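The values are calculated or read from the model by the stated rules, or taken from the named source; none is laboratory data. The structure displayed is predicted, hence computed values, not measured ones. Methodologically, a virtual Cβ is constructed for each residue, glycine included, from the backbone with ideal geometry; neighbour enumeration extends over all protein chains shown.
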Amino acid sequence: MSIMSIRKIVAISALAVTAMMPAMASAATPDAARCILNDHQVVSVTPYNVEQHVGYSTITRLGGADIHVRAEPGLTAQWLQVSLGRHLAEMRGDMKDCALDPRGVQVDVTPVQDGFSVKLIAKDTDKAAEVLRRARLLAT
């Protein structure tokens with residue numbers, strides 16, 4: 001085998017390894033181990049308040065977070081709803097900064113003028129405060 005052939009084989013091997021590195025890096029971090037909300041451009045995060053009727057009174061309490069996600073080519077509200085729901089179902093372990101991590105969080109996606117409103121709704125005020133805290137990390 002000539003030196004020229006060996007150099008070609010080494011060069012091709014180096015290119016092949018370089019091309020595979022992004023795939024290997026994403027394989028090391030499975031989809032269920034990273035927060036899917038980081039895949040979208042978050043424009044703003046605001047508190048999501050819910051009204052509770054107690055007797056003849058109405059009480060407003062924190063219900064979670066309303067995340068405004070910028071529109072992307074090909075992204076629909078239905079697709080975003082399904083992908084967030086699938087992510088919730090596949091989540092494993094503690095993801096301390098993912099707003100979807102607290103148990104019992106529900107997701108409601110609706111289209112708005114320039115993107116989507118992603119409401120993360122928690123069952124109680126303590127979880128709602130934690131969801132809002134984590135969601136605010138997305139807008140920084």
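Would you please list the contacts, defined by Cβ atoms under 7 Å and residues six or more apart or on different chains, that run from a residue in the range 66-80 that is more than 20 Å from Leu137 (Cα to Cα) to a residue that is among the aliphatic types (A, V, I, L, M) and modelled with pLDDT of 95 or more?
Here the result reads Ala77/Val109, each pair linking the range 66-80 to a residue that is among the aliphatic types (A, V, I, L, M) and modelled with pLDDT of 95 or more.
Every residue in the range 116-133 that is in contact with a Leu (Cβ under 9 Å, 6 or more places away or on another chain) and under 22 Å from Ala77 (Cα atoms), please.
Here is the first cut: in the range 116-133, the ones in contact with a Leu (Cβ under 9 Å, 6 or more places away or on another chain) are 116, 118, 120, 122, 125, 128-129, 131-132.
Residues satisfying the conditions are Phe116, Val118, Leu120, Ala122, Val131, Leu132.
Starting from residues that are among the small types (Gly, Ala, Ser) and touching a Pro at 6+ places or on another chain (Cβ under 8 Å), keep the ones in the range 65-91 and report whichever is surrounded by the most Cβ atoms within 10 Å (Cβ to Cβ). Before the answer, list the steps.
Residues of the range 65-91 that are among the small types (Gly, Ala, Ser), as a first pass: 65, 71, 74, 77, 83, 85, 89.
Checking the rest, the ones that are also touching a Pro at 6+ places or on another chain (Cβ under 8 Å) come to 65, 77.
Details: Ala65: 27, Ala77: 18.
Checked the range 65-91; the qualifying residue surrounded by the most Cβ atoms within 10 Å (Cβ to Cβ) is Ala65.
Filter the range 119-140 down to the residues that are within 16 Å of the chain's Cα centre (by Cα) and β-branched (Val, Ile, Thr) and list them by number.
Correct list: Ile121, Val131, Thr140.
Identify, please: which residue in the range 92-116 is buried (at least 17 other Cβ atoms within 10 Å of the Cβ) and at pLDDT below 90 and is, among those, farthest from Leu138 (Cα to Cα)?
Applying the filter and picking the extreme gives Pro102.
Name the single residue that is nearest to Ala65 (Cα to Cα) among those in the range 108-118 being in contact (Cβ under 8 Å) with a residue 12 or more places away in the chain and more than 14 Å from the chain's Cα centre (by Cα). Please lay out each step first, then the result.
Filtering the range 108-118 down to residues in contact (Cβ under 8 Å) with a residue 12 or more places away in the chain leaves 108-112, 114-118.
Subsequent filtering for residues that are more than 14 Å from the chain's Cα centre (by Cα) retains 110-112, 114-115.
On the way: Thr110: 14, Pro111: 16, Val112: 16, Asp114: 18, Gly115: 16 Å.
In this case the residue turns out to be Thr110.
Are any residues in the range 119-140 outside any helix (DSSP H, G or I), free of Cβ contacts under 8 Å to residues at least 60 places away in the same chain and either among the small types (Gly, Ala, Ser) or closer than 24 Å to Arg61 by Cβ (or both), and if so, which ones?
Ala122, Lys123, Asp124
Looking at His53, His68, which is the one that is in a strand (DSSP E or B) and at pLDDT 95 or above?
His68
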